[in-house]
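Where a number appears in this text, it was derived from the coordinates with a stated rule and is not lab data. Because the structure is predicted, anything quoted here is derived from the model rather than measured. Cβ coordinates were reconstructed from backbone atoms using ideal geometry, including for glycine residues, and neighbour counts include every protein chain displayed.
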Amino acid sequence: MLRSLIEERLRDSVPGVDPRWAWISSLSSEEFVELARLVPDEFQRAAVLVPIVERPEGLTVLLTQRASHLKNHPGQISFPGGRMEPSDAGAWEAALRETEEEIGLAREYVTLAGYLHDHLVITGYMVTPVVAFVRPGFELRLDVTEVEEVFEVPLDFILDPAHHVLVERKLGSHSFVAHDIPYEGRNIWGATAGMLMSLYRLLRGV
């Protein structure tokens, strides 16, 4: 059962471990150091929720499309979440708070599964992805200043390597291979695709 596998692989995981670039599929330690010179000296801490919805027909991943007027990443596919505040007790609490603010998902429907490794984003954030199971029956209330719409993708679709499209992108003068995950006219890419690929590697043991 897929839920049992997720629980097993994430058991005893903790936030804030092994930061990596969010959208690059492979990177040597030397390349990591070199690329670090191209981004801000200090990263702001952030947390996102990776919401896995337990539908009768199978698990799905809930994603948002960011509002088109936003300064950073307008219109991109993302997870609900954002900057951690001093009042947050940790990544779990920050992800829950931001998710409630952005899409109105009440925390009583959400159960913590665990944490993926931290992801560095070139806009200057170190993001902790918080994986959680979401019980059906919830209602959403979108903050339209931040989120244009929400949709769900079957987790089986995301975990199928046939749907992982290799692309070459640049950071400064460096070219790297990353993954896109096209789905029904949308393109999941960048940090969001990178986090989903981290989940894929964790579950598939690759």
task = Mind checking which of Tyr109, Pro161, Val134 is farthest towards the positive end of segment 52-184's charge dipole, using Cβ charges of +1 (Lys, Arg) and -1 (Asp, Glu) about the Cα centre?
result = Pro161
request  = Any chance you could list P(r) for segment 116-201, counting all Cα-Cα pairs in 10 angstrom bins from zero, rounded to whole %?
outcome  = 13, 40, 39, 8, 1
task = Report, by chain and number, residues whose modeled amide H sits under 5 Å from the one on Arg55, excluding near sequence neighbours (fewer than 5 apart, same chain).
result = Thr60
remark   = Once both label points are put 7 Å beyond Cα along the C-beta direction, the Arg83-Asp156 separation in nm becomes 4.2
note = PRE zone check, label point 7 Å out along Cα-to-Cβ of Leu140, amide N under 19 Å, scope segment 89-109, hits 95-109
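Eigenvalues of the Cα gyration tensor times 5, then square-rooted: what semi-axes does that give for segment 133-177, in whole angstrom, largest first? Display every interim value, and only then the final one.
On the way: eigenvalues 195, 78, 12 Å².
Equivalent ellipsoid of segment 133-177: 31, 20, 8 Å, largest first.
Roughly how big is segment 103-206's charge dipole about its Cα centre, with Cβ charges of +1 (Lys, Arg) and -1 (Asp, Glu), in debye to the nearest 20? Numbers along the way, then the final one.
Details: 8 positive and 13 negative charges, 78 e Å.
Charge dipole of segment 103-206: 380 debye, to the nearest 20.
Sort Tyr115, Tyr200 so the one with the fewest other Cβ atoms within 10 Å of its own Cβ comes first.
The most exposed by this proxy come first: Tyr200, Tyr115.
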note = Taking alpha-carbon centroids only, segment 162-206 lies from segment 81-138 a number of Å equal to 21
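Of the peptides 174-184, 118-128, how do they stack up when ordered by the mean number of other Cβ atoms within 10 Å, highest first?
Working: 174-184: 15.5, 118-128: 20.7.
Going from most to least packed, we get 118-128, 174-184.
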remark   = HN-Hα couplings for segment 196-202 via Karplus (6.51, -1.76, 1.60; θ = phi - 60°), in whole Hz with x for Gly/Pro, come out as 5, 5, 5, 5, 4, 5, 4
